[in-house]
Amino acid sequence: LMPTRKRFPAFDHQLYRKRNVVERFFNKLKQFRAVATRYDKRDDNFLTSVQLAAIRIWIKENESVT
């Protein structure tokens, strides 16, 4: 038999929700091949690739549907 927990760890719903948003964003970011495979080896080029991917994600989620 497994022992039952007598004390549950502290759980902050707001912090968990924010963490989930960040994790989902990183999963979307990994959909871009150049970012996921670290195609650009120089740091500044890689940062630019990440920024462009983030902009594309932001635009896609905030475009108006008419």
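Details
- Note on the chain: helix-only mean residue ellipticity at 222 nm, from DSSP H runs of 4+ residues weighted -39500 (n - 2.57) and normalised by residue number, equals -20000 deg cm²/dmol.
- Heavy atoms of the protein chains alone define the surface here; on that basis the chain has 104 Å² accessible area per residue at 1.4 Å probe size.
- Rolling a 1.4 Å probe over the protein heavy atoms of the chain, with every protein chain left in place, gives an accessible area that is 57 percent carbon and sulfur.
- Residue by residue, segment 29-38 carries 3J(HN,Hα) couplings of 5, 6, 6, 7, 4, 5, 7, 5, 9, 6 Hz when phi is fed to the Karplus relation 6.51 cos²θ - 1.76 cosθ + 1.60 (θ = phi - 60°); x denotes Gly or Pro.
- Once percent of Cα pairs over 13 Å apart is calculated for the structure shown, the corresponding label among (i) 74; (ii) 78; (iii) 69 turns out to be (i).
- Spatially near lysine pairs across the chain, Cα under 26 Å, sequence gap of 8 or more or different chains: 7
The values are calculated or read from the model by the stated rules, or taken from the named source; none is laboratory data. Only a predicted model underlies this, so the values are computations on that prediction, with no experimental measurement involved. Side chains are part of the model used for accessible areas, which takes the heavy atoms of the whole protein and leaves out ligands, DNA and RNA. Shrake-Rupley method; radii C 1.70, N 1.55, O 1.52, S 1.80 Å.
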